[in-house]
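Input: a single structure, listed below in structure tokens.
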Amino acid sequence: MKFGGSCLINNQAFKKIIKITKLYQNEQKIYVASALNGITDLLLKMAKSAESEKEIDNDMALLEKRHLDVIEQIFKEESEHYVKAKDWVDENLGYLENLLADIREFGFEPYYQDYVISFGEILSTYILNQYLLSKGYDSIYIPANEIIITNDEYNNAYPLFELTNARMKKLIVPFLEFPKENLIICITGFIGRNKIGYTTTLGRGGSDYTATILARSLSELGVDKDIKVILWKDVDGILAIDPDFVPHSSLIRYLDYDEAKHIANFGAKVLHPKCLESIEKLNIPLEIRNFNNPYEEINYTTISPKSDKDQIKGISTIQDGIIITITSGSLVDMPGVLAKIFKVISKSKISVSLVAQSATEISTSFIVKKEDADNAISSLKSSDYFSEFFKIKFEEVAIINITGSKVLDNITKVKIFQAFDKKNIKVKALSQSTDEINFSIVIQKDRLMDAVKILHHDLCKEFESIKCSDEIE
């Protein structure tokens, strides 16, 4: 089970963790914790502003206060676990101060960033561990950088599963093979280490990723065939449509791994797609449940091999895209242009979310995030090849992503374009996934709200458990 920062905010939240623990009292449990809400961002700010000692002093005071406030709420003052948690915070903030001094002396490096932001999970998970001990559970604290071995890509590291499995077999499996009563293993989310011992972090969704990495490892080691991952969130699960577009959007109860990855890739913030690559080949189920309603038996999202294939699962969006179009100035086909584009773009480490190209290669369009657009355009214009032979233009767009095998029916596509025609919404580009469960449509950014609402209205009968209305909300 993974508990996010919103599950660790105060005494009431920690009491809910005990309720959840009792619900699963007959199961062997590993708890993965995120940093407290906002702490990772604060630590990142500290790493990047280490030169300003006054600013660091203020941030350090805030960091200490946030954790001590939680400790004061959940423990009796001067109790054994209160003292241990407080001492842990003091000790680790001392380590952090020394690390920030190193950054001032030697300069900022990606390794330092990962090391600094790892303190959020190190602090929160130990506090959770001490809380469980104070309630009579046999809790063990293990930092994930003793278990999860990764490559050297700081800020977005990838696990090396063979090495991680060896660590799991040595450090975790013995506890599970001969478990004590009320055993709970608490492991820090988000962090790992590379082969030479430097701390790495797993990027966005890193604590969720930690939980699925651990589940995969235990499954591959044959510890137990009945393994499940539960991500405790502040929502019921994944919704069919962002409620900012359609209030009271329906919950998606069942998704298979491919469907979930498509929805997560295109804007579902509740889940990062990389969490699923660890578990899908082993068919390990993942549940997204509401931390504030742990007794719910039906309304949550399960991601597993099970799914209803005859439905549209969801409509997700990317709202801040920039479409860059490169056109041959002579309108003569130029073979290999796509390869040259990606060669230029890759040097700046820019991700491309959608590509559309004419069959003759005269015109090529691709979409990047808004924050990457200036860099991408500048890189292309500084290339002699593109500046001399091509016209480069760009504009803000949005992408609508419709997921579910039902979208591949021709009649469904007819309904999509008929819906757009009612609102005079022009389509700029299209893309269909080769696995045939995803259809992406590029439109003007300022028409996104109209587009999602009319699609919801006209396609509502194709969704799972969704109420249809004669009026567009």
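The values are calculated or read from the model by the stated rules, or taken from the named source; none is laboratory data. Note that the coordinates shown come from a computational prediction; the quantities given were computed from them, not determined experimentally. When we count neighbours, we look across all protein chains shown, and the Cβ atoms used for this are built from the backbone with ideal geometry, even at glycine. Note: accessible area is taken over every heavy atom of the protein model, side chains too, but ligands, DNA and RNA are not part of it. Shrake-Rupley method; radii C 1.70, N 1.55, O 1.52, S 1.80 Å.
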### Task
For the chain, report the accessible area per residue in Å² (1.4 Å probe, heavy atoms, rounded to an integer).
47
### Task
Quick one: compute the contact order of the chain, relative version, from alpha carbon pairs under 8 angstrom and 6+ residues apart, as a percent.
12
### Task
Note the angle between two axes, namely the Cα long axis of helix 370-381 and the longest principal axis of the Cα atoms of the chain, as a number of degrees from 0 to 90, rounded to the nearest 10.
50
#### Entry: Descending semi-axes in Å of the range 331-463, equivalent ellipsoid built from Cα gyration tensor
31, 16, 14
### Query
Once you have the alpha carbon radius of gyration of the range 343-384, what is it after dividing by 2.2 N^0.38 Å, with N set to its residue count?
1.18
### Those trypsin sites (Lys or Arg not before Pro) in the range 346-380 that DSSP places in a loop and that have at most 13 other beta carbons within 10 Å
Lys349
### Query
In degrees between 0 and 90, to the nearest 10, how far off the longest principal axis of the chain does helix 39-48 point, with axes built from Cα atoms?
80
### Query
Tell me, in nm to one decimal, what length is gained between Ser49 and Asp384 on full extension, where the rule is 0.36 nm per residue of separation less the Cα-Cα distance?
116.9 nm
### Average projection area in nm² (convex hull over Cα atoms of the range 1-149, one quarter of hull surface)
9.1
### Query
For Asp138, which sequence-distant residues (separation of 5 or more, or a different chain) have an amide H within less than 5 Å of its own amide H, given hydrogens modelled in the peptide plane?
Leu183, Ile184
### Task
Can you check what the net charge comes to around Ile184, using other residues whose Cβ is under 9 Å from the Cβ of Ile184 (Lys, Arg +1; Asp, Glu -1)?
0
### Query
If you take the charge dipole of the range 1-153 about its Cα centre, with +1 on Lys and Arg Cβ and -1 on Asp and Glu Cβ, which of Tyr111, Ile39, Gln130 is farthest toward its positive end?
Gln130
#### Entry: Euclidean distance of C-alpha centroids, the range 78-129 and the range 410-437, integer Å
50
### Message
At R0 = 60 Å, how high is the FRET efficiency between Phe106 and Lys423 if r is their beta carbon distance? Nearest 0.05 is fine.
### Response
0.55
### Message
Over the Cα atoms, compute the radius of gyration (one decimal) and Dmax (the largest Cα-Cα distance, rounded to a whole number) for the range 51-100, in Å.
### Response
12.2, 38
#### Entry: Residue-wise HN-Hα coupling along the range 151-157, computed from phi with Karplus coefficients 6.51, -1.76, 1.60 (Hz; x: Gly, Pro)
6, 9, 7, 4, 6, 7, 6
### Query
Of Ala373, Phe389, Leu271, which is farthest along the charge dipole of the range 268-395 in the positive direction, counting Lys and Arg as +1 and Asp and Glu as -1 at C-beta?
Phe389
### Rough spin-label spacing in nm, given labels placed 7 Å along Cα→Cβ, for Glu436 and Asp374
4.5
### Summary
Stretched fully, the stretch from Lys65 through Ser6 gains (0.36 nm per residue minus C-alpha distance, one decimal, in nm) 19.5 nm
### Query
Based on the Cβ-Cβ distance of Phe161 and Asn283, what FRET efficiency does E = 1/(1 + (r/R0)^6) give at R0 = 22 Å, to the nearest 0.05?
0.85
### Task
Name all residues of the range 396-414 having a backbone nitrogen under 19 Å from the label point set 7 Å from the Cα of Lys309 along its Cα→Cβ direction, giving them as ranges.
403-413
### Task
Take the solvent-accessible surface of the protein heavy atoms, probe 1.4 Å, and return the percent of it on the chain that carbon and sulfur atoms account for.
48
### Task
Measure out, as a whole number of angstrom, how far apart the alpha-carbon centroids of the range 183-244 and the range 1-20 sit.
16
### Message
What is the ratio of the Cα radius of gyration of the chain to 2.2 N^0.38 Å, with N the residue count, to two decimals?
### Response
1.08
